[in-house]
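Please see the structure below; I have some questions.
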Amino acid sequence: MVVDIDEALVKPAKAAHELFMVNLGSLLLLGPMAILLGIGRLGIVLPIIVSLLFILFTWMRSRSLAQSGPWFVHMHWRLALHNYRLLIIGFALTLLLLFISWGLEQTLDPHSPSHFLAIALTRIGVMPTIIMIFACFVIENGALNQVLRHEVPDRMIGFFPPPPGVVIKTE
């Protein structure tokens, strides 16, 4: 739904989605750089930890806006936080596959042909995160366009009704 807002609220509302995009870009840059440094599985886990710090900041900012901030801005920080769920699912699947591959490496003989399965599983393990990164790029680009059109998704309005002073336009 389109909301009648002051143009000054667009910039702080955009900040949530821009921060999300920076997070996604850092994941795409940090991951390969860490792997090229040869630090093993930590090279995959390190970008996830950095991303979790972005998520934590978004959560804290959303909570502070809920208490004392413009409703439109709060809704877009909440939307960004909601969209992080996809990325967290990708992280969870990646960490699960990394844990399984680590367990296989610990139990298998290093010279066994089955040992390559564990190494291959590590390479495959990053795919859920990569797929979710690209999906989140598309979703967040749409959310950024919603801010520019002064829109708030209907489902967000259902969960967080606007305060009395907010005017929703009917098209």
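The values are calculated or read from the model by the stated rules, or taken from the named source; none is laboratory data. What you are looking at is a predicted structure, and each value in this text was computed from that prediction instead of being measured. Cβ: placed from backbone, ideal geometry, glycine included. Neighbour counts: every protein chain shown. What goes into the accessible areas is simple: the full protein's heavy atoms, side chains included, and nothing from ligands, DNA or RNA. Shrake-Rupley method; radii C 1.70, N 1.55, O 1.52, S 1.80 Å.
Please work out how much accessible surface residue 64 shows to a 1.4 Å probe, ignoring ligands, DNA and RNA, in Å² rounded to 10.
About 50 Å², ignoring ligands and nucleic acids.
When the accessible area of segment 52-171 is split by element with a 1.4 Å probe, what percent falls to carbon and sulfur? Walk me through the numbers on the way to the answer.
Details: 4920 of 7090 Å².
Result for segment 52-171: 69 percent of the exposed heavy-atom area is carbon or sulfur.
Test of understanding: what is the full-extension gain from residue 7 to residue 106, defined as 0.36 nm times their sequence separation minus their Cα-Cα distance? Intermediate results must be reported in sequence, preceding the final value.
Details: separation 99, 0.36 × 99 = 35.64 nm, distance 5.77 nm.
Stretched out fully, the residue 7 to residue 106 stretch lengthens by 29.9 nm.
Going 7 Å from the Cα of residue 166 in the Cα-to-Cβ direction, what parts of segment 69-94 have a backbone nitrogen less than 14 Å from that spot?
Correct set: 69-80.
Could you work out how far helix 115-125 tilts from the main Cα principal axis of the chain, as a 0 to 90 degree angle to the nearest 10?
Helix 115-125 sits at roughly 10 degrees to that axis.
Multiply the residue separation of residue 154 and residue 124 by 0.36 nm, subtract the distance between their alpha-carbon atoms, and state the gained length in nm to one decimal. Each step should come with its number before you reach the end.
Values: separation 30, 0.36 × 30 = 10.80 nm, distance 3.70 nm.
Full-extension gain reported as 7.1 nm.
Note the angle between two axes, namely the Cα long axis of helix 71-107 and the longest principal axis of the Cα atoms of the chain, as a number of degrees from 0 to 90, rounded to the nearest 10.
The angle comes out near 10 degrees.
Still on this model: Measure nothing fancy, just the Cα-based angle from helix 127-148's long axis to the longest principal axis of the chain, in degrees from 0 to 90, nearest 10.
10
In addition: Please give, to one decimal in nm, the separation of the simple spin-label points placed at residue 67 and residue 141, each 7 Å out from Cα toward the Cβ.
Here the answer is 3.7 nm between the modelled labels.
Averaged per residue, what accessible surface does segment 58-171 expose to a 1.4 Å probe, in Å²?
Working: 6650 Å² over 114 residues.
That works out to 58 Å² per residue.
Something else: What percent does the relative contact order of segment 1-157 come to when contacts are Cα pairs within less than 8 Å and at least six residues apart?
On the way: 155 pairs, mean separation 55.1, N = 157.
Across segment 1-157, relative contact order equals 35 percent.
I've got another one for you. For Rg and Dmax of the Cα atoms in Å, one of [x] 15.5, 47; [y] 16.9, 58; [z] 20.0, 70 was computed from the structure I shared and the rest are decoys. Which label?
[z]
Full extension from residue 88 to residue 57: what is 0.36 nm times the residue separation minus their Cα-Cα distance, to one decimal in nm?
Working: separation 31, 0.36 × 31 = 11.16 nm, distance 1.48 nm.
Computed gain between residue 88 and residue 57 is 9.7 nm.
Can you tally the net charge around residue 58? Count Lys and Arg as +1, Asp and Glu as -1, for every other residue whose Cβ sits under 14 Å from the Cβ of residue 58. Let's see the in-between values first.
Values: positive: 14, 61, 63, 78, 85; negative: 18, 140.
Here the count lands on +3.
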